[in-house]
Amino acid sequence: MKKRLLALLLCLVMVIGLVPTVFAAEGEVNVKICYLGGGTDSTKNYTQGQTVEKPVDPNKLGYIWDGKWYLSYTEPTATNAIAEKEWDFTWTIGSGARDGYLFPGYSPIHYTITFDGNGGTGSMNNIEMTYGVPTDLPKNSFTRSGYTFAGWRMNGLSALIRDQARVGDLASTDGETVTLTAQRVKAVEKHTITLKSGVDGEYDYTAEVDDGTDYNVPAYATVKGSKKWSKDAASFSYWITSDGIPVTSSIPNVKADITLTAVYSAELFDITYKDADHDGSEMKAPAEDGEYVYIDPKGGEARLGSTVIKTAGLYKITGDVTLVEPTDSLGWTINTNTAHTTFTVVWPSTKTVTISYLDYYYGVDTETIKYGGSIIVDPNGGSVVWERTTISSKQTIDYIRTDAALARATRNGYTFYGWVVSYTPAGTPVFTATWSKDYYYNTYSIYYYDYDDCKSEYANFPYGTSVVIDPNGGTAKLSGTSFSTKQYFNIYRDYTLTDASRSGYTFYGWDLTKSGSTYYFTAMWSRYKSDVPYMLNGTDHYAYIKGYPNGSFKPTDTITRAEAATIFYRLLTDSTRKAYATTYNSFKDVPATAWYNTAVSTMAKLGIVNGGADGYFRPNDPITRAEIAAMIARCDGAYYTGTSTVFSDTYGHWAAGYIDRAYELGWINGYGTTYAPDRYISRAETVAVLNRVLNRAPQYTSDLTRNYTTFSDVATSAWYYLDVEEAANSHTYTRKSNADYETWTKLIADPSWF
């Protein structure tokens, strides 16, 4: 509902489809033929009465010409060619023409890619391609024993196309089939080098080499290919083959699988532990005599042999030893990619711990965390005691394994109101203390529905703040106290400002502003009324505006005076149109043959439109906000000559009285204290205004019936979407219960107004 109100505040502009003119400026015109890649562009000069010479048929690689040429007033490109209309080369250059562009209509060819396994087994689906749209090839699924896949070759060409490459524009004829044939090279025999650490085979790893090549042995024995046994490499001596031959550098001309075993100068020991990453399985980790390992029990109590471990740190290995995990833990994780091999205890995620605390919003509450997990406590300027330790700054508390209570925080000069809980991206609870200054330092809130954000919010005010609440013609209630005039309040506690009410209006929220030290809440109302000017048809919902042949609506384009007159002519009641319809007018620039003559002549007879003192109507000039307001007000049968008292920028303006009247009846709005009377308005703004005048308003897209006309440049998310569809589709309807909105029942044929 808020978006609709804001849309209606934009202003009044609307456009209809015109009878197409060849071009649009005086004198000679240049017509440029734009082949868009299908020929050589050319430009030729023409004068009134001439026909445009038909160009040579285009021929664009990869595209099919649709046999038609199209007109554009902006130079088209291969990627941005917007047609005004299809061009007929029998047309002549008219009066008032302007430079233009003609371009051919193309559509890309379509072709098929097939795959040939070239002696391999398997299959691959064909790919349907569109010229100009590249596609990634699927992974090759053909196999052939003793061969490796090298790529694809297209129709005997020498260049190879790699596996899963992005390809496009492989054909130039519509319906052509392109075959990609698999290319293969004979596979090289491989041999396996097995490197054994010498520790129960747990850290053995392998390398693969091509037949006949040399293999350079690693300088050190490694754990899982990454960690050196010794930081100074003193414990590792060399590798030895299964035949007992030492290897220190490389093995030349490998012709078979080889096993190498590490030989050490220092004694290696096993650390036996329960591996949490392997469902608690017993595992062994190697360590040199005298090596230090890092052990983190994460708040629990562990043992390394006979040594009790309660804190994280480095511990020396002097023999085979068992690392015992803390009670209730799942075991250890091991990291060998650190300066020292690291063992870290893992606590079960299914076991939980409860933290009880005073919640700022809900009173006494609890927070559940995983066993051995963490919380973050922020005293927010105060302090709190956690297990006999005072916390006076934001702090993380780790390894919580028992239920606990977070005490009340304290702070000099403040009253503790409770903890507010938020969460880090990792899901760790953050407890933040909330405070209120004692006595007159307190801050209080007013809860209300915000006009700007369209949602319930609260505003905070220091103790004793002066607040003005203006129901703005309606009735409001502040924490049980009703009032219908502007009221002054001093804030000494929390309040709730309810939605206001006003007969014949819709409440849109409170507008909060500040002047000096005083805050103002002003009720905002919808001026959307059911009163329709008596000359206009407020009963039948016929389409009064159309789009363009290319399927667009051009919502941001301006609307001409002739178009506006045509729209109002269509919106007249049948009786008014019948009584005043005429083709006679006194304007010098509205000929009897003009497509808009009947509309302009009739609206002039009714006094809805006027010309200038020079006798010209100027049908092609864009219409202004003031002119639209005047036409609306005149349809109500009134003539106003007063000075505007509503908008600061309309004093002394010729349309001031009309603008005041249209605003008074809720048909138009300004921009706060201004109206911008001489600004041109768009097609979208115009239909929004006229729908407001006519009380034509679907509320949601679901209120529309099926198969209604839509436009390529009017997105469903646009503020004007419903207004455009309402104006462009003839339909029957029923009113909703609130009467401001309607639901379509069916589409009907457009009437014939002329």
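No lab work stands behind these numbers, since they all come straight from the coordinates. This structure is a prediction, so every number in the text was calculated from the model and none was measured. Every residue, glycine among them, receives a Cβ derived from its backbone with ideal geometry; neighbour counts consider all protein chains shown.
Ordered by the count of other Cβ atoms within 10 Å of each Cβ, fewest first, 371, 596 give 371, 596.
Taking a ≥ b ≥ c as the square roots of the eigenvalues of the Cα gyration tensor of segment 110-186, is the shape rounded (a/c under 1.5), prolate (a/b larger than b/c) or oblate?
prolate
Farthest towards the positive end of the charge dipole of the chain, among the residues 415, 76, 705, is the Cα of 705, using unit charges on the Cβ of Lys, Arg, Asp and Glu.
Stokes-Einstein diffusion of segment 352-437 at 20 °C, 1.002 mPa s viscosity, Kirkwood radius from Cα pairs, rounded to a whole number: 166 µm²/s. Rg over Rh for segment 561-747 works out to 0.98, both radii taken from alpha-carbon positions and Rh defined as the Kirkwood radius. Comparing 138, 375, 306 along the charge dipole axis of the chain, the residue lying farthest to the positive side is 375, per the Cβ-charge model. If I histogram all Cα-Cα distances within segment 268-346 using bins 10 Å wide from 0, what percent of pairs lands in each bin? Each 10 Å bin holds this share of Cα pairs: 21, 60, 19, 0.
Kirkwood analysis of segment 400-486, using all unique Cα-Cα pairs, places the hydrodynamic radius at 16.9 Å. Annotation: the antiparallel percentage among DSSP beta bridges lying fully within the chain is about 80. Between residue 64 and 107, 109, the built amide H atoms are under 5 Å apart, and every one of these is 5 or more places off in sequence or on another chain. Please say if segment 268-307 is rounded, prolate or oblate, where rounded means a/c under 1.5 for a ≥ b ≥ c the square roots of the C-alpha gyration tensor eigenvalues, and otherwise the choice is prolate for a/b larger than b/c and oblate otherwise? Oblate shape, in that a/c is at least 1.5 and b/c is the bigger or equal ratio. Here segment 268-346 carries DSSP beta bridges of which approximately 75% are antiparallel, counting only pairs with both residues inside. Projected onto their three principal axes, the Cα atoms of segment 29-108 cover extents of 39, 21, 19 Å, largest first. For segment 387-400, the Karplus equation 6.51 cos²θ - 1.76 cosθ + 1.60, evaluated at θ = phi - 60°, returns couplings of 6, 6, 10, 7, 10, 10, 8, 4, 8, 8, 10, 9, 6, 7 Hz by residue, with Gly and Pro reported as x. The alpha-carbon atoms of segment 526-585 define a convex hull whose volume equals 155 cubic angstrom per residue. For residue 605, a cut-off of 19 angstrom between C-alpha atoms picks up these aspartates and glutamates, skipping any fewer than 8 places away in its own chain: 563, 574, 589, 614, 627, 636. Each of 269, 286, 323 was scored by the projection of its Cα onto the charge dipole of segment 268-346, and the greatest displacement toward the positive side belongs to 323; charges sit on the C-beta of Lys, Arg, Asp and Glu. Counting every other Cβ atom within 10 Å of each residue's Cβ, 724, 532 order from fewest to most as 532, 724.
Going by neighbour counts of Cβ atoms within 10 Å, the residues 744, 667, 654 line up, fewest first, as 654, 744, 667.
Set against the labelled values [x] 36.2; [y] 27.5; [z] 31.7, Kirkwood radius over Cα pairs in Å computed from this structure falls on [x].
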